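Readers should treat all values here as calculations from the given coordinates under stated rules, not as data from a laboratory. For clarity, every value in this text was computed on a predicted model and none was experimentally measured. Here the Cβ positions follow ideal geometry from the backbone for every residue, glycine too, while neighbour counts run over all protein chains shown.
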């Protein structure tokens with residue numbers, strides 16, 4: 001479970017806003033570089049499936065090494081959790097990345113990123129809409145937004 005963010009007054013010793021800004025800037029830079037580098041790698045003859053396998057395997061090894069080194073207790077999972085992790089890994093991570101690389105392989109990088117971004121925004125908007133409808137609907141009738 002994730003705790004709600006705590007707003008701290010500026011200047012407190014535990015204020016990590018600069019770290020947060022640095023992390024956001026780094027993530028944005030890496031995201032911008034990712035598409036172009038992937039396009040070059042795909043142009044060198046590696047297929048989208050091979051690039052997805054390489055990327056997911058490297059990420060899994062790095063995350064596993066991190067967990068073993070710093071928080072080995074988090075590696076204990078039950079049967080239901082393991083089933084969820086396998087399904088999420090196959091559908092939520094591998095399939096999405098494979099389709100992303102196929103899009104980059106077939107389309108210009110900017111167009112592929114625009115489609116991926118618009119798709120993500122439409123899912124967020126649909127999720128927000130369903131939350132608003134269900135939370136404002138206390139009498140059991142359906143309302144339109």
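Please work out how much length the chain gains when fully extended from residue 107 to residue 16, using 0.36 nm per residue of separation minus the C-alpha to C-alpha distance, in nm with one decimal.
Details: separation 91, 0.36 × 91 = 32.76 nm, distance 3.94 nm.
Extra length from residue 107 to residue 16 when fully extended: 28.8 nm.
What per residue convex hull volume, in Å³, comes out for region 17-106 when only alpha-carbon positions are used?
Here the figure is 125 Å³ per residue.
Round to the nearest 0.05 the FRET efficiency obtained for residue 81 and residue 61 when R0 = 22 Å and r is the Cβ-Cβ distance.
Here the calculated transfer efficiency is 0.60.
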